[in-house]
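The values are calculated or read from the model by the stated rules, or taken from the named source; none is laboratory data. Just so it is clear, the structure is predicted and the values come from calculations on it, not from any experiment. All Cβ positions, glycine included, derive from the backbone under ideal geometry; neighbour counts span all protein chains shown. The protein model used for the area step is the full one, side chains on, heavy atoms only, and it has no ligands, DNA or RNA in it. Shrake-Rupley method; radii C 1.70, N 1.55, O 1.52, S 1.80 Å.
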Amino acid sequence: MTGEARARFERIYTLLRERICLLDYPPGMRLREEDLAEEFDTSRTPIRRVLARLEDEGYLRSVHGVGTMVTDIDIASLEQVYRLRVELSELIGKLSPVPPDEDAKRAFATMKSRCEELVGTPSQRAFAQLNMDFFHLLMTLTENEPLQEFSERLYYQTTRIWLKRAAGEDGTEETLASEIGFFLREVSDIAAAVACGALESVGQIRRAHVAMSFARLKKRAGEEVEAASF
């Protein structure tokens, strides 16, 4: 694959993964190669390669006689992935850390401001986008490429279930507001740690919040099962 073809592949892959994770492509939706090829003004060959990669990573599945469908997700199937995310989070400040310069400190302060604005005007999609942007900003604090790549893969595998249950179609306005509040505390604490260059603290804060996020998801799932049994 040439450099240009590789760049096109990555661009299409990243965009489709984002659409799936933001629930723009909800579970059960069919993705047609010909439609995507037309949208991206390319042949069906690179589209087929992108869809194959997304299927390998669990975002899509091929259904005989139907086509390529967006998969659904559940907490039980992703519990081990979430637990691994918890452990990896703390490594951000330990493996090849990048001391934050003034631009980085301003970027984290901007994230905090965006989150504060979201508290006043809650939006499911804006919250999901902010969460993704914050993840990628965190990854600039380490130069360890395996950690970056593995963390990104695990993050995107779990972010759909978080969005669907906490801030999306399975959630409520009260749940959304609550999750934004939790996220604001995380962003505020991490921005403060970045401002003083305490990168190990960044990892510890991130670890605690990822763990608490998963605990809330499991608690809500348990409450839903209990309610359905009556």
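Quick notes
- Flag if T68 is open to solvent by less than 70 Å² (accessible area, probe 1.4 Å) and farther than 24 Å from N144 by Cβ: yes
- Qualifying helices (runs of 4 or more DSSP H) (wholly inside region 13-92; at least 3 residues being under 30 Å from S213 (Cα atoms) and in the same structural domain as Q148 (by TED's automatic domain parsing)): 75-89
- Contacts under 7 angstrom Cβ, first residue in region 101-114 being in the same structural domain as L130 (by TED's automatic domain parsing), partner open to solvent by 70 Å² or more (accessible area, probe 1.4 Å), 6 or more apart: A104/T140
- Some residue of region 43-55 being closer than 26 Å to L130 by Cα and open to solvent by 30 Å² or more (accessible area, probe 1.4 Å): yes
- Residue match in region 173-180 (condition: touching an Asp or Glu at 6+ places or on another chain (Cβ under 9 Å), in a helix (DSSP H, G or I) and either crowded, with 16+ Cβ neighbours inside 10 Å or aliphatic (A, V, I, L, M) (or both)): no
- Whichever residue in region 136-149 is touching a helix residue (DSSP H, G or I) at 6+ places or on another chain (Cβ under 9 Å) and either acidic (D, E) or not in a helix (DSSP H, G or I) (or both) and, among such residues, is least open to solvent (accessible area, probe 1.4 Å): T142
- Residues that are at pLDDT below 85 and over 19 Å from L84 (Cβ atoms) were ranked within region 194-220; the one that is surrounded by the most Cβ atoms within 10 Å (Cβ to Cβ) is R220.
- Note on region 18-42: residues that are surrounded by 18 or more Cβ atoms within 10 Å (Cβ to Cβ) and either among the charged types (D, E, K, R) or free of Cβ contacts under 8 Å to residues at least 60 places away in the same chain (or both) total 3.
- Applying the condition of being in contact (Cβ under 8 Å) with a residue 24 or more places away in the chain and polar (S, T, N, Q) to region 115-135 and asking which residue is most open to solvent (accessible area, probe 1.4 Å) yields Q124.
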